[in-house]
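Below: the structure, in structure tokens.
The values are calculated or read from the model by the stated rules, or taken from the named source; none is laboratory data. Given the structure is predicted, the values throughout are model-derived calculations rather than measurements. As a convention, Cβ positions derive from the backbone with ideal geometry for all residues, glycine included, and neighbour counts pool all protein chains shown. SASA here: full protein model, heavy atoms, side chains in, ligands and nucleic acids out. Shrake-Rupley method; radii C 1.70, N 1.55, O 1.52, S 1.80 Å.
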Amino acid sequence: MPTNTGMKLVAGFDDMPQDTNGVTASAQRLIKMGLPDRLDPDKITLAVNDLRAILSSFESYPDEHLNLQNAILRQDFREAREIAKRVGITEKDLLANGGQLWGVVVVIAIAAAVLLEHD
């Protein structure tokens, strides 16, 4: 899929404190996704399928989703990934449910646009 002229959706974590041999440092973990020039109806279908799968997982495993979020806040991404596998929200799971992570991309893009828009 061709991407827009350099426009990317960037999501991640910033100012993650790390102790490196007694020196406090700050780190970032980011993912940058090239965005297409425009979305078509097929991408909306993928997004809807992703969001349905994620919502179903939240409804089926509310406590595990709390554990997942808390693992992320502890910067324990290995544990977060394991929980995501258990609750069925990995990229592989979303693909199997007729999605393609587009639901996640669309929601992040909408949230970013709303947060960045100033009155």
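Annotation: per residue accessible area for region 11-73 equals 73 Å², rounded to a whole number [probe 1.4 Å, protein chains only].
With a sphere of radius 13 Å drawn around the Cβ of I31, what net charge do the other residues whose Cβ falls strictly inside it have (Lys, Arg +1; Asp, Glu -1)? Value of the local net charge: +1. Based on Cα contacts under 8 Å between residues 6+ apart, the chain shows a relative contact order of 26 percent. Structure remark: mean-square fluctuation, Gaussian network model of the chain, C-alpha springs under 10 Å; the largest value among T90, T45, T20 belongs to T20. Give the calculated FRET efficiency between I110 and Q75 to the nearest 0.05, with a Förster radius of 25 Å applied to their Cβ-Cβ distance. For R0 = 25 Å, the calculated efficiency reads 0.40. In plain terms, the bigger the Kirkwood radius, the slower the diffusion; for region 56-104, with that radius from Cα pairs, at 4 °C and 1.567 mPa s, Stokes-Einstein puts D at 117 µm²/s. Scalar couplings 3J(HN,Hα) for region 72-85, obtained by applying the Karplus form with A = 6.51, B = -1.76, C = 1.60 to θ = phi - 60°, are 4, 5, 7, 6, 9, 5, 5, 5, 4, 5, 5, 5, 4, 5 Hz; x denotes Gly and Pro. Quick note on region 1-85: its Rg to Rh ratio, both from C-alpha atoms and Rh being the Kirkwood radius, is 1.08.
All Cα-Cα separations within region 35-119 were binned at 5 Å from zero, giving a P(r) of 3, 15, 20, 20, 20, 13, 8, 2, 0, each value a whole percent of the pairs.
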